[in-house]
Amino acid sequence: MCKVISIVNQKGGCSKTTSAVNIGIGLANAGKKVVLIDADAQGSLTASLGFQKPDELKVTLATIMAKTINEEEIDLSKVILHHEEGVDLVPGNIELSGLEVQLSNVLSRELILKEFIDSLRDFYDYILIDCAPSLGMMTINALVAADEVIIPVQAAYLPVKGLQR
């Protein structure tokens, strides 16, 4: 059974992306089928996996979510990138910033990512979502879609205090 895990913290620089990459590759090395979803407009996860110009990719998470909103068919073979470390990737880029605005006008906007993720569940053991450092609509979508949440924090006063939010 597929498990969806969102990696979330509203603070930047707390190792969300690093955790997503390492957990994903570790699970793949253990023989699990893994897809990583870059839900951050900075595209850090996408760049971390070697796609150095995420803003130039033709199909990204923003494209997929826009198609989901418009009830258009999604061709998974054109969406998912395969990485040599054995993980798949749904890339993210700056287009996700515009999607935040578009989502504000959509009914059941918190369910858009979940709808797409549900179409992937039959193909993967794990779906890991690397979230932006915010509590915006994309992060809310990731939390709604998740079965579990990982909140990476540094062992210091201010980061731990942020957990209270």
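Read-outs throughout are calculated quantities, based only on the coordinates presented, and are distinct from any laboratory measurement. Every value quoted in this text rests on a predicted model; they were computed, and no experiment measured them. Cβ placement follows ideal geometry from the backbone for every residue including glycine, while neighbour counts extend to all protein chains displayed.
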Notebook entry, point to check: For segment 1-94, what log10 I(q)/I(0) values come out of the Debye formula at q = 0.15, 0.16, 0.18, 0.25 1/Å, with one point per alpha carbon and no solvent?
Noted result: -0.59, -0.67, -0.85, -1.41
Checklist line | Whole-angstrom gap from segment 6-83 to segment 102-148, using each part's C-alpha centre | finding: 12 Å
Notebook entry, point to check: What net charge is computed for the residues neighbouring Val106, neighbours being all others with C-beta under 12 Å from the C-beta of Val106, Lys and Arg scored +1, Asp and Glu -1?
Noted result: -3
Checklist line | For Met137, net neighbour charge (Lys/Arg +1, Asp/Glu -1) across residues whose Cβ lies under 15 Å away | finding: -3
Next item on the list: Before anything else, pin down the relative contact order of the chain: Cα pairs under 8 Å, at least 6 apart, normalised by residue count, whole percent.
Entry: 42 percent
Next item on the list: Obtain the nm distance between the two label points defined at Glu84 and Lys53 by a simple spin-label model: each point lies 7 Å from its Cα along the Cα-to-C-beta direction.
Entry: 2.0 nm
Notebook entry, point to check: At a Förster radius of 35 Å, what calculated FRET efficiency corresponds to the Cβ-Cβ distance of Ser108 and Lys161, to the nearest 0.05?
Noted result: 0.60
Notebook entry, point to check: If we restrict to alpha carbons, what Rg and Dmax does segment 88-165 come to, in Å?
Noted result: 14.2, 41
